[in-house]
1. Say we look at the range 105-116 and pick out the residues that are closer than 12 Å to residue 25 by Cα and surrounded by fewer than 18 Cβ atoms within 10 Å (Cβ to Cβ); which of these is nearest to the chain's Cα centre (by Cα)?
2. Looking only at residues in the range 71-92 that are in contact with a helix residue (DSSP H, G or I) (Cβ under 6 Å, 6 or more places away or on another chain) and under 17 Å from residue 10 (Cα atoms), which one is modelled with the lowest pLDDT?
3. Looking only at residues in the range 127-140 that are within 14 Å of residue 99 (Cβ to Cβ) and surrounded by fewer than 18 Cβ atoms within 10 Å (Cβ to Cβ), which one is modelled with the highest pLDDT?
4. Of the residues 96, 84, which is under 17 Å from the mean Cα position of the chain (by Cα) and within 29 Å of residue 31 (Cβ to Cβ)?
5. Taking the range 1-24 as the search range and keeping residues that are out of contact with any strand residue (DSSP E or B) (no Cβ under 6 Å at 6 or more places or on another chain) and modelled with pLDDT of 95 or more, which one is surrounded by the most Cβ atoms within 10 Å (Cβ to Cβ)?
6. Restricting attention to the range 109-138, which residues are outside any strand (DSSP E or B), touching a residue at least 24 places away in the same chain (Cβ under 8 Å) and either in contact with a strand residue (DSSP E or B) (Cβ under 7 Å, 6 or more places away or on another chain) or over 22 Å from residue 35 (Cβ atoms) (or both)?
7. So which of 102, 144 ends up being closer than 30 Å to residue 39 by Cα, crowded, with 20+ Cβ neighbours inside 10 Å and modelled with pLDDT under 95?
């Protein structure tokens, strides 16, 4: 596992997207609310959020992170559903894996709930769209920058939360931790007002 203890905790966000395609009969059953197992879309949304929070338990060497926000959106398309996940944290490492895991598990949940109708469903095109925060700053995929009409925010659009404020708060936390490490190395415990 990579040591991130010296990295500053900053506000971070990742957006991932994927797709599940299915037969017309399966689409009709899902949209008609006629599945015996219940609503696969709401179940998939919740499963994706839960998976984002458990990513470190699923992927070896992935850091456990304090997730401050996770959302999964399922958008109907003619042949199935587009799945998009947004995950946020203030931490010393990013949440790209959490967003990708949320999309993957949401798609797998739909597959599980609809497989009685269509075992030929295809889960594909799972990818990172955007990453914000941290040392490397903002990264936006070419798909998110250009051609996808239903893509996330355009480059330069306002972020949904104040990254600067998150970075200030994270910087204070990092300074407190650094002072605590210095105090411990000198054989004392620093007080809260140091």
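1. Keep residues of the range 105-116 that are closer than 12 Å to residue 25 by Cα, which gives 114-116.
In the following step, the residues that additionally are surrounded by fewer than 18 Cβ atoms within 10 Å (Cβ to Cβ) were identified as 115-116.
Details: 115: 25, 116: 29 Å.
Residue satisfying both the conditions and the ranking: 115.
2. First pass over the range 71-92, keeping only residues in contact with a helix residue (DSSP H, G or I) (Cβ under 6 Å, 6 or more places away or on another chain): 72, 74, 83, 85, 87, 90.
Checking the rest, the ones that are also under 17 Å from residue 10 (Cα atoms) come to 87, 90.
Values: 87: 97, 90: 93.
Here the answer is 90.
3. Ranking the qualifying residues of the range 127-140, first place goes to 127.
4. Numbers: 96 fails: within 29 Å of residue 31 (Cβ to Cβ).
Testing whether each residue is under 17 Å from the mean Cα position of the chain (by Cα) and within 29 Å of residue 31 (Cβ to Cβ) leaves just 84.
5. If we filter the range 1-24 for residues that are out of contact with any strand residue (DSSP E or B) (no Cβ under 6 Å at 6 or more places or on another chain), which is where we start, we get 1-8, 10, 23-24.
Subset that is modelled with pLDDT of 95 or more: 23-24.
Details: 23: 16, 24: 10.
Filtering the range 1-24 for residues that are out of contact with any strand residue (DSSP E or B) (no Cβ under 6 Å at 6 or more places or on another chain) and modelled with pLDDT of 95 or more, the one surrounded by the most Cβ atoms within 10 Å (Cβ to Cβ) comes out as 23.
6. Within the range 109-138, 110, 111, 121, 133, 134, 135 meet the criteria.
7. 144
Okay, residues lined up against (1) free of Cβ contacts under 8 Å to residues at least 24 places away in the same chain; (2) under 24 Å from residue 137 (Cβ atoms):
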{"residue": "31", "(1), (2)": "no, no"}
{"residue": "34", "(1), (2)": "yes, no"}
{"residue": "43", "(1), (2)": "no, no"}
{"residue": "52", "(1), (2)": "no, yes"}
{"residue": "55", "(1), (2)": "no, yes"}
{"residue": "65", "(1), (2)": "no, yes"}
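The values are calculated or read from the model by the stated rules, or taken from the named source; none is laboratory data. A quick note: this is a predicted structure, and the numbers were derived from the prediction, not measured. Reconstructed Cβ throughout: ideal geometry from the backbone, glycine too, with neighbour counts over all protein chains shown.
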